[in-house]
1. Mind listing which GluC sites (Glu not before Pro) in region 246-353 are in a DSSP loop and have 12 or fewer other Cβ atoms within 10 Å?
2. Would you list, by chain and number, the aspartates and glutamates whose Cα falls below 14 Å from the Cα of K228, excluding same-chain residues fewer than 8 positions away?
3. Name the trypsin sites (Lys or Arg not before Pro) in region 4-76 that are in a loop by DSSP and that have at most 16 other C-beta atoms within 10 Å, would you?
4. Springs between alpha-carbon pairs under 10 angstrom, Gaussian network model over the chain: which of I248, I218, I64 fluctuates most?
5. Quick one: what are the phi-derived ³J(HN,Hα) couplings along region 208-225, Karplus 6.51/-1.76/1.60 with θ = phi - 60°, whole Hz, x for glycine and proline?
6. Given axes a ≥ b ≥ c from the Cα gyration tensor, I'd like to know whether region 3-155 is rounded (a/c under 1.5), prolate (a/b larger than b/c) or oblate.
7. In terms of modelled amide H atoms, which long-range or inter-chain residues lie less than 5 Å from the amide H of K306?
8. Taking H placed 1.01 Å from N in the peptide plane, check which residues at least 5 places from F80 or on another chain put their amide H under 5 Å from its amide H.
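What follows is calculated from the coordinates using simple rules that are stated; it is not laboratory data. Being a predicted model, the structure only gives us computed values, none of them experimental. Ideal geometry is used to build each Cβ from the backbone, glycine not excepted, and the neighbour counts take in all protein chains shown.
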Amino acid sequence: MKKKVLLFGYSRANLGDDLFVYILAKRYEEITFYIHIKDEKFKKPFKNLLNVECLDTDRDVQLINLEDFDAFIYIGGSIFMESDYSKGEVLEFTKLAKKCKENNKPLFYMTCNFGPYYTKEYVENARKLFELCEGVCFRDKASYNLFSDIKNVSYAPDVVLSYDFSNLMKRKSFRSVGISVIDLEIRDKLKKKEAIYNDYIKRIIVKFAKRGYRVNLISFCAEENDEKAIEKIMTLVPEKYKNRIKTIQYTGDLEEFIKKYSQMKYMVCTRFHSMILSILMGQKIYNLAYNQKTNNALNDLGVELKIDNIDKIEYDIRLKTKDFKKLKKKKIKELQKEAQNQFAAFEKWMNKN
């Protein structure tokens, strides 16, 4: 009989989070995965995945019938940033974890990072939750080090790094650059940098357009205003360069997006999973980090790629094509192999059951 696994995650057509579900479904075709998604437009990424079922109800952790499922997985990246919401969620899932423990049902966390956090109470409450889980695998060593004394806590690179996209990759367009953008207006700590960031991106566009490059502005998540950010940036671009610019928007057709993305030779990566995808696709990368997770990931992966932090950039720009670097194939293979460990605890349980 097929195992049934209930997934928890961010289901708002964000490319990175949708990739998490896609990769799980492709890796474990013998398992049926269930996830709470009511809105039809957010179900689109999973329409062609025969082993993913969308539940047409809002998620209510306390109303879950444990008997309906064999296991539970929370797969998400920045799910432990301390806030009123995340504090409540930690307590909510601690109750679920206790029930799981009592009923011999495993709960796993995959590919998450912890923080930023501000209180000891939040850390301690999270610790109680993790101790009840069957496995918790962080994607950064800073998070792992906080909880490394818990025997079921581990580290491995981001889940997306585990996947082989070669069957979807297209030949690179020689004179092409992609730029993944975010909207700083909705990010309180970086809101004051919005004008500088948008102008900075505009200058990169002009720099490449002047040299005859095709520029692609890339939206990973409409719900988080990536498309609005593109609109704002386009108003800054001189008219004579606009015919060299296209937009690539992720609207739920995951494989089609990957095909278009893979054709870029150079990538300016603001989105975290833009960097991860560009590593896998052998693209030449320059990173613009909006929080510490990108810096942490580069350090943990042991790769040297140029990175500037958005809170430090100014109006001047000295970016050159030589600042874009790609990883050697051998290193990419090493990272793919290491990222497989994100599934280690789950597969250990699978092999026993």
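1. Values: sites: E255, E256, E304, E314, E334, E338, E347; in loops: E304, E314.
Hits after loop and neighbour filter: E304, E314.
2. Leaving aside aspartates and glutamates fewer than 8 places away in the same chain, those within reach of K228 are D183, E185, E194.
3. Details: sites: K4, R12, K26, R27, K38, K41, K43, K47, R59; in loops: R12, K38, K47, R59.
Listed in order of number, the matching sites are R12, K38, K47, R59.
4. I64
5. 6, 4, 4, 9, x, 7, 7, 10, 10, 8, 10, 9, 8, 7, 5, 5, 9, 6
6. Working: a/c = 1.62, a/b = 1.44, b/c = 1.12.
Here region 3-155 falls in the prolate category.
7. N287, K325
8. Long-range HN contacts for F80: N113, G115.
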